[in-house]
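Presented below is the structure to which this report refers.
The values are calculated or read from the model by the stated rules, or taken from the named source; none is laboratory data. Since the structure is predicted, the reported quantities are computational estimates derived from the model, not experimental observations. Glycine gets a Cβ as well: all are built from the backbone with ideal geometry, and neighbour counts include every protein chain shown.
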Amino acid sequence: MNNDPPLQHRLAVLIDADNAQPAIIEGLAREIVKYGVASVKRIYGDWTTPNLNGWKSVLLDHSIQPVQQFRYTVGKNATDSAMIIDAMDLLYTRRFEGFCLVSSDSDFTRLASRIREEGLLVYGFGEEKTPKAFIHACDKFIFTKVLLPQPESEALDRKQETNQLKANTKLVNLVRSAVEAVSDDSGWANLGRVGHHIAQQSPEFDPRNYGYGKLSDLVLAIGLFDLEERQHGASRAKGLYIRDKRKK
């Protein structure tokens with residue numbers, strides 16, 4: 001029996017300080033751990049300017065290396081080029097399985113595409129204003145609002161009710177099409193496979209965007225799908241299965 005711990009992806013985390021809030025750092029660190037180990041953590045900006053003071057207080061605690069990039073022209077984001085150049089240098093070392101790009105700037109769209117062309121994973125993190133082109137250039141895109149500290153009352157307020165979810169045609173169709181794509185002849189589909197299919201179609205999809213911590217919780221809240229636990233495989237491991245109620 002092999003008792004070795006599972007191999008974890010080595011990730012390069014690159015943060016655009018001009019396009020990210022220091023308040024996300026705790027949530028960002030917890031999120032990245034889900035995907036691998038942050039072997040490199042760098043943040044880019046002009047550290048001589050006062051608008052980045054908020055970042056300075058958290059860099060040491062999280063072992064993030066600041067990279068200085070002076071602004072050559074007022075109104076231009078000079079950090080983009082430095083971050084892109086570093087990303088390509090890191091890519092060519094062949095030491096990583098994935099990159100985490102933290103920015104809401106569309107200038108990183110081509111960078112994300114180029115990294116994926118090399119067969120590496122790209123996780124994007126940005127605000128909801130992030131252009132669709134950048135979002136869909138990533139394997140997965142997480143809106144930073146879900147990484148911010150949330151008082152319990154605010155978390156409850158963010159949770160959408162069944163009527164709201166049912167009225168969200170885009171959400172319902174996204175889940176239905178994923179179930180249809182991976183279901184068996186009886187209409188049942190493994191929830192894990194459904195989630196994977198959704199992520200491929202919509203990198204920004206995240207149950208937390210609707211106020212739910214898990215896909216299973218969101219599916220139940222929508223109220224249009226059956227969900228049941230089953231044993232499967234030689235190991236008889238338990239798994240969740242989903243079916244469109246219209247298939248009964």
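Apart from one condition, Cys100 fits all of (1) surrounded by fewer than 19 Cβ atoms within 10 Å (Cβ to Cβ); (2) modelled with pLDDT of 95 or more; the exception is (1). In the stretch 47-65, which residues are surrounded by fewer than 17 Cβ atoms within 10 Å (Cβ to Cβ) and either among the hydrophobic types (A, V, I, L, M, F, W, C) or in contact with a strand residue (DSSP E or B) (Cβ under 9 Å, 6 or more places away or on another chain) (or both)? Hits for the stretch 47-65 are Thr48, Asn51, Lys56, Val58, Leu60, His62, Ser63, Gln65. Please verify whether Arg176 is of a type outside the set (Phe, Trp, Tyr), surrounded by fewer than 19 Cβ atoms within 10 Å (Cβ to Cβ), farther than 20 Å from Ile135 by Cα and touching a Gly at 6+ places or on another chain (Cβ under 9 Å), treating the condition exactly as stated. No: the conditions fail for Arg176.
Scanning the stretch 1-26 for residues that are within 17 Å of Phe99 (Cα to Cα), modelled with pLDDT under 95 and of a type in the set (Gly, Ala, Ser) turns up Ala17, Ala20. Among the residues of the stretch 103-126, those identified as touching a Ser or Thr at 6+ places or on another chain (Cβ under 8 Å) and assigned to a strand (DSSP E or B) are Gly124, Phe125, Gly126. Note on the stretch 78-133: residues that are under 14 Å from Ala17 (Cα atoms) and over 20 Å from the mean Cα position of the chain (by Cα) total 5.
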